[in-house]
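Notes follow once the structure below has been shown.
What follows draws every value from the coordinates through simple rules; no lab data is involved. Quantities reported herein were computed from a predicted structural model and do not represent experimental measurements. Positions of Cβ are generated from backbone atoms using ideal geometry, with glycine treated the same way; all protein chains shown enter the neighbour counts.
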Amino acid sequence: ALDVACGTGRHALLLQARGWMRRFGFDLSQQMLLQAKASGGYQGLALADLRAIPCHPVELVVCSLAIGHLDRLDPVLDSLCGLVRRQGDLVLTDLHPLLASTRHFQRAFRGADGRNHQLPHTVHPLKRVIAGLKRRGLTPQLITEPAPERSLPHEPVLPQLPLVWALRARRLGD
């Protein structure tokens, strides 16, 4: 399994629990890769831009909460779909457009330097993502838009809005 834009490696143990014994992560941040390495969840890690992952097609590609970091959707989908072999799956998630556009969302994180950093989020409507996957030979199999079950103290509006969308798409065989 490939974990593209793996960040700190939060999906490695989930993949392992689901039977994926060979897990490889790619990320554009060396600091994130160091944290992913410390998790011990990957057989290999490499520095790479998610628009150009140096790998042959595999059975499972995961890319979670990353496509909104980029303003152009097509190069991302070209890369991700090119990594999925026949009968393989792409699991893709991102912030839900309704939440991101309603809240003028920006992603924030604390860097190794201790400073807060904010990244803008580009809203990619799910309809465009699905159409892009279909044009590249992948068929959506499952789409979900979960919302929290209860209010969070600092975000009372959240139960009304889906937080993310998640989909699984398959490259069907000939």
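Here are a few things to note about the model shown:
- Peptides 68-75, 57-64, 36-43 ordered by packing proxy, namely the average of other Cβ atoms within 10 Å per residue, highest first: 57-64, 36-43, 68-75.
- Amide H contacts of V164 (H built 1.01 Å from N, under 5 Å, at least 5 apart or other chain): H96
- A Förster radius of 30 Å combined with the Cβ-Cβ distance from T122 to Q31 puts the calculated FRET efficiency at roughly 0.85.
- Three-way shape call for the stretch 26-70 based on the alpha-carbon gyration tensor, with the a/c threshold at 1.5: oblate
- Residues in the stretch 29-62 reached by a label modelled at R85 [backbone nitrogen below 18 Å; 7 Å Cα→Cβ]: 43-44, 53-62
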